[in-house]
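Below: one structure, written as structure tokens.
The values are calculated or read from the model by the stated rules, or taken from the named source; none is laboratory data. Computed from a predicted model, the values in this text were never measured in an experiment. Using ideal geometry, Cβ is built from the backbone for each residue, glycine included, and neighbour counts are taken over all protein chains shown.
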Amino acid sequence: MTTATVASDLEIARSVTPRRIVDVARDLGIADAELELYGPTKAKVTLEAIERLEAERPRGKYVVVTAITPTPLGEGKSTTSVGLAQGLNFIGRRAAVNIRQPSLGPVFG
């Protein structure tokens with residue numbers, strides 16, 4: 001019987017190049033000047049940007065994904081949340097996801 005080897009989180013994280021945060025922000029309608037950069041992959045968004053976006057756009061939807069335990073295969077809240085955001089983006093809806101363990105970002109691409 002052949003057993004597949006699963007890469008560790010560290011191996012996965014080292015195998016990808018994160019997107020620049022200014023590119024992610026532009027996709028969400030946030031201008032470069034509305035960011036306080038903390039390197040190429042992290043930033044804080046200014047309050048002015050939030051206020052501008054709230055004034056320009058209708059209020060969005062907020063989805064909370066919660067559960068007690070993941071499935072035996074580990075497909076839990078983070079996987080569901082990322083899959084939901086990817087699906088919404090795929091059908092042309094602007095969606096972002098915020099997971100509490102940013103170290104998982106490279107796992108999802």
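Does residue 40 qualify as being assigned to a loop (DSSP other than H, G, I, E, B) and in contact (Cβ under 8 Å) with a residue 12 or more places away in the chain?
So residue 40 passes the test.
Could you list all residues from region 44-66 that are part of a loop (DSSP other than H, G, I, E, B), aliphatic (A, V, I, L, M) and surrounded by 11 or more Cβ atoms within 10 Å (Cβ to Cβ)?
The answer is 63, 65.
Step by step: first the residues of region 72-109, then only those that are assigned to a loop (DSSP other than H, G, I, E, B) and surrounded by fewer than 10 Cβ atoms within 10 Å (Cβ to Cβ), then the one that is modelled with the lowest pLDDT. Which residue is that? So that I can check it myself, show each step before the final result.
Looking only at region 72-109, we keep the residues that are assigned to a loop (DSSP other than H, G, I, E, B), and these are 72-76, 91-101, 109.
Remaining after also requiring surrounded by fewer than 10 Cβ atoms within 10 Å (Cβ to Cβ): 72-74, 91-92, 98, 100-101.
Numbers: 72: 73, 73: 70, 74: 67, 91: 96, 92: 91, 98: 80, 100: 71, 101: 64.
Filtering region 72-109 for residues that are assigned to a loop (DSSP other than H, G, I, E, B) and surrounded by fewer than 10 Cβ atoms within 10 Å (Cβ to Cβ), the one modelled with the lowest pLDDT comes out as 101.
Taking the residues in region 14-30 that are touching a Lys or Arg at 6+ places or on another chain (Cβ under 9 Å) and not β-branched (Val, Ile, Thr) as candidates, determine which candidate is farthest from residue 96 (Cα to Cα).
29
Looking at (1) modelled with pLDDT of 85 or more; (2) assigned by TED's automatic domain parsing to the domain that holds residue 94, can you tell me which one residue 22 breaks?
(2)
Hey, can you tell me all the residues within region 8-24 that are within 21 Å of residue 38 (Cβ to Cβ), among the hydrophobic types (A, V, I, L, M, F, W, C) and outside any loop (DSSP other than H, G, I, E, B)? Break it down into steps so the answer makes sense when it comes.
Filtering region 8-24 for residues within 21 Å of residue 38 (Cβ to Cβ) gives 13-14, 16-24.
Among the residues that remain, those that are also among the hydrophobic types (A, V, I, L, M, F, W, C) are: 13, 16, 21-22, 24.
Across region 8-24, the qualifying residues are 13, 21, 22, 24.
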